[in-house]
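Student: The following block contains the structure, expressed as structure tokens.
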Amino acid sequence: MPVYLDVSAAVHQRAGLGRYAASLTAALAPRMGGDLALFYNAEQGIFPVPELAGLPAQTVSWSYKPWRMMVWAGQVAPGLMGGMSRRLLSDATLFHGLEHLLVPAGNVPTVLTVHDLIFERLPNHHKALNRWYLRGSMPLFCRRATHIIAVSEYTRGDLIELYGVAPEKITVIPEAADARFRPQPRERIEYARKKYDLPARYLLCVGTIEPRKNLGRLLEAWEPLYLAGEAPPLVIVGRRGWLYEDFFAALERSPARDGVIFPGWVVDEDLPAVYAAADLCLVPSIYEGFGLPVLEAMAAGAPVACSNGTAIAEIADDAALLFDPYDVEAIRAALRMALSDAALRADLRQRGYRRAAQFSWERAADETLVVYRRLIADHASHRP
């Protein structure tokens, strides 16, 4: 009887949530063998990502918003979709929701991974409809879940403070950079540089373009340095998310706008080389539940400068140059310090290698399995 993992975020390629779902599932698969199965919403006839192909799966075929509403309604009134859940998950021993959605799974233990509570801490940084949905559904999902996995101590603290979740109900299991993020040979770096038309020197930001990524303040801090010849161009890798209009309006007004480069979609196999070629990787976010680009950059050999708050500082520890993300002058000072000191950048690279090596998906899978086995055993012991 299998454990079902909801990998919808992976098959729909939802940025960080999708990477988490695919990476954890791929690490769990060889450890669980036939005891693992997939669940996902197969809207528009999509199929699992290649590393998950071949695993048994149950699917539904709803468009995104109606499916989310159905899941919420099913938790409020289980009878609304109880028949569907029993039919799809009739052989389940446990169900794990890998994104912020917990499908009613009948009388089996459930695990919910919570990545962040950004919509609570920074409500204006979410679209109104999404904020309304998450504020209504997430407290309920957290109550209904048998156990919660938080990806950082910071997220665990938010769950306890904002939702009153009992500390013993939460296990912290960090994410990790994929194994492909490692120092790159010169030929791979040059290949990526030519393919994406990248300059000889550049600063790098990786992530969805949205307000909490703080690109507006970064632009303001970088602009005079670039115009004075103290900083190289700024490369931004990431799709447009939401509420990005203010950033692009500021960019259009900037006298340094020609120094901001958007290389477009960077395929996964090229991303490590894009990191490795950067003079400095910047993570200026004002809130992250984890901050995966910090570890990806470190593992690939890029020195990192990042925000000094939320989970970002927790993940970076002493291996990055930290700055106050709300203070433009502090960001500028960090940029100037890193760019003017080659020895500092070299030291950050070495610290970054060591820090990234402390995280792995194998470790995450082993710790997740401990949670599964404990919950399954507890459930079996309480059966009549």
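The values are calculated or read from the model by the stated rules, or taken from the named source; none is laboratory data. Keep in mind it's a predicted model, so treat the numbers as computed, not measured. A quick note on method: Cβ atoms are made from the backbone with ideal geometry, for glycine too, and the neighbour counts reach across all protein chains shown. Surface accessibility is based on the protein's heavy atoms, side chains included, excluding ligands, DNA and RNA. Shrake-Rupley method; radii C 1.70, N 1.55, O 1.52, S 1.80 Å.
Student: Any residue at all in the stretch 242-256 that is out of contact with any Leu (no Cβ under 6 Å at 6 or more places or on another chain) and within 25 Å of Ala346 (Cβ to Cβ)?
Tutor: Checked the stretch 242-256: no residue is out of contact with any Leu (no Cβ under 6 Å at 6 or more places or on another chain) and within 25 Å of Ala346 (Cβ to Cβ).
Student: Could you please find all residues in the stretch 70-94 being within 15 Å of Phe141 (Cβ to Cβ), assigned to a helix (DSSP H, G or I) and either modelled with pLDDT under 85 or open to solvent by 80 Å² or more (accessible area, probe 1.4 Å) (or both)?
Tutor: Correct list: Val76, Pro78, Ser85.
Student: Looking only at the stretch 95-151, count every residue that is closer than 22 Å to Leu243 by Cα and assigned to a loop (DSSP other than H, G, I, E, B) and tell me the total.
Tutor: 8
Student: Still on this structure: If only one of Ala338, Ala365 is touching a residue at least 12 places away in the same chain (Cβ under 8 Å), more than 27 Å from Glu223 (Cβ to Cβ) and buried (at least 18 other Cβ atoms within 10 Å of the Cβ), which one is it?
Tutor: Of the residues listed, the single one that is touching a residue at least 12 places away in the same chain (Cβ under 8 Å), more than 27 Å from Glu223 (Cβ to Cβ) and buried (at least 18 other Cβ atoms within 10 Å of the Cβ) is Ala365.
Student: In the set Ala231, Ala179, which member is in contact (Cβ under 8 Å) with a residue 40 or more places away in the chain, part of a loop (DSSP other than H, G, I, E, B) and within 26 Å of the chain's Cα centre (by Cα)?
Tutor: The match here is Ala179.
Student: Another one. Evaluate the stretch 205-215: report whether one residue or more is at pLDDT 95 or above, small (Gly, Ala, Ser), at positive phi and assigned to a loop (DSSP other than H, G, I, E, B).
Tutor: No, the stretch 205-215 has no match at all.
Conditions (1) in contact with a strand residue (DSSP E or B) (Cβ under 7 Å, 6 or more places away or on another chain); (2) of a type in the set (Gly, Ala, Ser), marked per residue:
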site: Asn214; (1), (2): no, no
site: Glu220; (1), (2): no, no
site: Leu225; (1), (2): no, no
site: Gly229; (1), (2): no, yes
site: Arg240; (1), (2): yes, no
site: Tyr244; (1), (2): yes, no
site: Phe248; (1), (2): no, no
site: Leu251; (1), (2): yes, no
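Student: While we're on this one: Take Tyr154 and decide whether it is touching a Cys at 6+ places or on another chain (Cβ under 6 Å) and either farther than 25 Å from Ala176 by Cα or open to solvent by 20 Å² or more (accessible area, probe 1.4 Å) (or both).
Tutor: It is false that Tyr154 is touching a Cys at 6+ places or on another chain (Cβ under 6 Å) and either farther than 25 Å from Ala176 by Cα or open to solvent by 20 Å² or more (accessible area, probe 1.4 Å) (or both).
Student: Looking at Arg239, Arg193, which one is within 21 Å of the chain's Cα centre (by Cα) and basic (Lys, Arg)?
Tutor: Just a single option satisfies the conditions, and that option is Arg239.
Student: Kindly evaluate Glu220 against the criterion of being open to solvent by 30 Å² or more (accessible area, probe 1.4 Å) and more than 30 Å from Gln350 (Cβ to Cβ).
Tutor: When the stated conditions are applied, Glu220 passes them.
Student: Scan the stretch 267-282 for residues that are open to solvent by 10 Å² or more (accessible area, probe 1.4 Å), in contact (Cβ under 8 Å) with a residue 60 or more places away in the chain and among the aliphatic types (A, V, I, L, M) and jot them down.
Tutor: If the condition is that a residue be open to solvent by 10 Å² or more (accessible area, probe 1.4 Å), in contact (Cβ under 8 Å) with a residue 60 or more places away in the chain and among the aliphatic types (A, V, I, L, M), then Ala276, Ala277 are the ones that fit.
Student: Conditions first: (1) modelled with pLDDT of 95 or more; (2) open to solvent by 20 Å² or more (accessible area, probe 1.4 Å). His147 passes all but one, so which condition is the exception?
Tutor: Looking at each condition in turn, His147 falls short on (2).
Student: Does Ser61 satisfy the criteria of being within 20 Å of the chain's Cα centre (by Cα), among the polar types (S, T, N, Q), open to solvent by 20 Å² or more (accessible area, probe 1.4 Å) and over 17 Å from Thr110 (Cα atoms)?
Tutor: For Ser61, the condition - within 20 Å of the chain's Cα centre (by Cα), among the polar types (S, T, N, Q), open to solvent by 20 Å² or more (accessible area, probe 1.4 Å) and over 17 Å from Thr110 (Cα atoms) - is not met.
Student: Further question on the same structure: Please work out which one of (1) on the phi > 0 side of the Ramachandran plot; (2) over 16 Å from the mean Cα position of the chain (by Cα) is the condition Glu367 fails and give its number.
Tutor: (1)
Conditions (1) assigned to a loop (DSSP other than H, G, I, E, B); (2) touching a Lys or Arg at 6+ places or on another chain (Cβ under 8 Å), marked per residue:
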| position | (1), (2) |
| --- | --- |
| Phe248 | no, no |
| Leu251 | no, yes |
| Pro255 | yes, no |
| Ala273 | no, yes |
| Ala278 | yes, no |
| Gly289 | yes, no |
| Ala319 | yes, yes |
